[in-house]
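*Asks:* Have a look at the structure that comes next, please.
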Amino acid sequence: VQLQASGGGLVQAGDSLRLSCAASGGTFSSYHMGWFRQATGKAREFVGQSTRNSSYYADSVKGRFTISRDSARNTVYLQMNSLKPEDTAVYYCAAGAIGSGAYTYWGQGTQVTVSS
């Protein structure tokens, strides 16, 4: 499975941004899709995950970020609203077989910078 993340950029605090992650080479519906981020000098952290029927999020983004899936396009999105400077990071999408409890495939990352 290959994952291609895109959509990052420089925005101001309070703005919105939507990241995309296009998957190829696998059966999209068989995977849970996740988003992670890593700020400079910090460990990678979980942002949110989507399976076929449910999504859940880290407390730090709950209520502001939403993950959606477009099975026709084999694409997962991360809609980010009310962005804060602390959301600045490289964002990665990842995929793993549903039920495995793991992420096996990773995209290349896309930079999100939120200015105050």
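The values are calculated or read from the model by the stated rules, or taken from the named source; none is laboratory data. Nothing here was measured: the structure is a model prediction, and the numbers come from that model. We place every Cβ from the backbone using ideal geometry, glycine too, and count neighbours over all the protein chains shown. The area values use the complete protein model at the heavy-atom level, side chains included, leaving out ligands, DNA and RNA. Shrake-Rupley method; radii C 1.70, N 1.55, O 1.52, S 1.80 Å.
*Asks:* Would you tally the net charge around residue 38, using a Cβ to Cβ cut-off of less than 10 Å, leaving residue 38 out, and scoring K and R as +1, D and E as -1? Walk me through the numbers before you get to the answer.
*Replies:* Values: positive: 37, 42, 44; negative: 45.
After counting each charged neighbour, the total is +2.
*Asks:* Let me ask another. Can you give me the relative contact order of the chain as a percent, contacts being Cα pairs under 8 Å and 6 or more apart? Intermediate values should be presented prior to the final figure.
*Replies:* Values: 284 pairs, mean separation 41.8, N = 116.
RCO, the chain: 36 percent.
*Asks:* Something else: Where does each of 27, 88 land when they are ordered by accessible area, with a 1.4 Å probe and the largest first? Before the final figure, lay out each step's value.
*Replies:* Numbers: 27 80, 88 40 Å².
If we order 27, 88 from most to least accessible, we get 27, 88.
*Asks:* Next up: Looking only at Cα atoms, what is the convex hull volume of segment 1-64 per residue, in Å³? List each step's numbers first, then the result.
*Replies:* Numbers: hull volume 7.3 nm³, N = 64.
Normalising the Cα hull of segment 1-64 by residue number yields 114 Å³.
*Asks:* Of 86, 45, which has the most accessible area with a 1.4 Å probe, and how do the rest follow in descending order?
*Replies:* Final ranking, largest accessible area leading: 86, 45.
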